[in-house]
1. I need the strands (runs of 3 or more DSSP E) fully contained in the range 375-467, keeping only those with at least 3 residues that are away from the ligand (no atom under 15 Å from the Cβ) and closer than 24 Å to LEU286 by Cβ.
2. For the subset of the range 271-317 comprising residues that are small (Gly, Ala, Ser) and either within 18 Å of PHE445 (Cβ to Cβ) or in contact with a Cys (Cβ under 7 Å, 6 or more places away or on another chain) (or both), which member is modelled with the highest pLDDT?
3. Only one of these conditions is not met by ARG531: (1) within 16 Å of the ligand (Cβ to nearest atom); (2) buried (at least 16 other Cβ atoms within 10 Å of the Cβ); (3) assigned to a strand (DSSP E or B). Which number is it?
4. So in the range 94-110, with the set limited to residues that are of a type in the set (S, T, N, Q) and surrounded by fewer than 18 Cβ atoms within 10 Å (Cβ to Cβ), which one is modelled with the lowest pLDDT?
5. Exactly one of these conditions fails for GLU471: (1) acidic (Asp, Glu); (2) more than 9 Å from the ligand (Cβ to nearest atom); (3) at pLDDT 95 or above. Give me its number.
6. What are the residues in the range 511-565 that are among the hydroxyl-bearing types (Ser, Thr, Tyr), modelled with pLDDT of 85 or more, within 17 Å of THR602 (Cα to Cα) and touching a Ser or Thr at 6+ places or on another chain (Cβ under 6 Å), if any?
7. Residue by residue through the range 78-99, note down the ones that are farther than 18 Å from LEU60 by Cα and either of a type in the set (D, E, K, R) or part of a strand (DSSP E or B) (or both).
8. I want to confirm something. Restricting to the range 347-364 and keeping residues that are modelled with pLDDT under 85 and either within 26 Å of HIS288 (Cα to Cα) or touching a Gly at 6+ places or on another chain (Cβ under 9 Å) (or both), which single residue is surrounded by the most Cβ atoms within 10 Å (Cβ to Cβ)?
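The values are calculated or read from the model by the stated rules, or taken from the named source; none is laboratory data. Just so it is clear, the model here is predicted, and its values are computed rather than measured. Backbone-built Cβ (ideal geometry, glycine too); neighbour counts: all protein chains shown.
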Amino acid sequence: MAGKMHVLIVEDNPADARLVRAYLESTSGLAEVMTAATLRAAAEMARERPPDAILLDMSLPDGEGIDAVARMHAAAPNVPIVILSALQDEAVASQALQLGAQDYLIKGRVEESDLRRALHYAIERQQLLQRLARSEARLQDENAILRHLAAAAGRLFATLDERSLVKLLAQEARQLFGARVDLYARGAGLPDTFLEDAFNARRPVISDDRSRLAVPIAGTSGRTAWLLDVWERNDPFTEGEVFALDLLRRYVTIAAQNLALFGELQEQRSSILQLNHLKDDLIAVLAHDFKGPLTTIMGFAELLELGELEGDEAESALRTIRQSATRLANLANDTLELSRIDQGELNLSTDPVDLGNLMREVLQSVDPSKRVRLDVAVDDPVVRGDPARLRQVFENIVGNAMKYSAHDAPVEVRIDESERDVRVLVTDCGIGIPPDEIRFMFDRFSRGSNAKKSKVKGTGLGLYLARVLVERHGGKIEIESEVGRGSTFTVCLPRVLDGVGGVLRVFILTGDHQLAPYITHELRDRGFATRRDRTLAGLLQRIDIEPPEIVIVDLDTVSEDVAPLIDRACAATPPIALIAIGSAAAAQSSGWKATLPKPFLTSDLEAALARAQRTLQPALRR
Ligand code: ADP
């Protein structure tokens, strides 16, 4: 206890009072003593100046025994009371202690030192009790906050869009702190520098006087998208409250990540549903389109078998059978290609392809009557790609030009170039495509209304496949058309510059059996040619044979030292861009063009690829 002890003696017997006072004052200066002869006077004095301790006689003119203790305690609830009694009565003593007295001394048997010690202990116990009461009150407050947090977490995790999530957080903060809460979206002007600074922090920021809290919140993209300004509160924020708000902020971050995953799942679900629809359509179309040629083949075969056709007639029947069989074969090929695309198994080779030569081959197969004029206006129309697939594209486009125009009408194929691309233009003078239908012609099963009326046979699959294949070669395909006058189909494919171009090759090094097919699928879906290796040695060998533009390395599954790979990537001409997947610490090396911590979303993979591509030579970028 610091300073002098201030003691109030409540005793109606002046002799006793004097004795006690003498005891207390004997070690001079340590105690300051006041005396009251009645409870009323004592209560008055305690109110005016609360003492550190009260020495209470239990038989007073205005109060007796236990009653006196209870009344004194009520008058000075926070002051320790030590009983002075003439009797040694255990029962009374224990009752007095229950009523709030701290200790019990028997008059006449008290030594000076006993008295002082009893008073000291009483005061200390009282202080301890008060501290306990305060921490119990704080625990209760914190308990209330925790209960609120648990309920808020439930509400937050049940919220299904980002804006509602953040609004709910603002509402929870309002309720929790009884403060004013303002919400700012990214891009909205912030009223002061306190908030501007807080926007770039990753956690709650508190003002110096603890009266204001700013909380940056990540959106579904992972970046800070919102800011909460919690202010106009009477009491300063406690550590517990800051912790609580930070916890809520973390809940929102997790809920936002869940939302992103949920969105991706929704997308996947709808694309599965869409695929299912397409499958149904495909079955319907195929069932219908297979029947026609099959009927023709079976009919003519039967007539030939019965010997009912001879000479020219028999020859023409055989020609019809061959044409119908060709249609069936084409249909089967298209269907196969379609299913490869749907399964993500469309593997494109990346050979140099001379489009002039390719087009001559195409014309030989689709234009026996030599209706099509070929004009190659480029010296070296070389692109990188898959010759069989490119052939399929041009067979379809040139075949259509012939199919949808009169038998003897000319068709022109011109190969020229722009700065980046080799262009193939196929022009006919045929039926054309109605303007409002052009944009649908590249969809599956889409056919022009005039084509359907004209009774020209078709499935609406060819142009869809042509578009997908051209896009996977990094190119594009366009139509210009006028009904009754004709159409021009233009295919642009990236030119080979400095020995590179066309489809970008991305190699993947991972030992993860689930990750590998996922990344491969996503990459092929975006038109990259991919190869996967399980070991670093295998990958380095492959790089020697056909250098890729990009390599993705799953550091978590590679036990070897990747330094040789980083050296090789830097030394290659052109340099190879490396992307690291895995724990953030492992990807500290400067050799990586992009890093992708696990877990990642498809959008993260896309962003990493874009970052890596930006570091490639301009001719290689898409
Ligand atoms: P199809 O098997 O019907 O020919 P495609 O996918 O190759 O399927 O073509 C889709 C539709 O585009 C055709 O049905 C037709 O309406 C239209 N089309 C394609 N090429 C031409 C063209 N050269 N002239 C007019 N219409 C065309």
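1. In the range 375-467, there are no strands (runs of 3 or more DSSP E) which contain 3 or more residues that are away from the ligand (no atom under 15 Å from the Cβ) and closer than 24 Å to LEU286 by Cβ.
2. The selected residue is SER271.
3. Result: ARG531 fails condition (1) only.
4. Filtering the range 94-110 for residues that are of a type in the set (S, T, N, Q) and surrounded by fewer than 18 Cβ atoms within 10 Å (Cβ to Cβ), the one modelled with the lowest pLDDT comes out as SER94.
5. (3)
6. The one that is among the hydroxyl-bearing types (Ser, Thr, Tyr), modelled with pLDDT of 85 or more, within 17 Å of THR602 (Cα to Cα) and touching a Ser or Thr at 6+ places or on another chain (Cβ under 6 Å): THR520.
7. GLU90
8. That would be LEU348.
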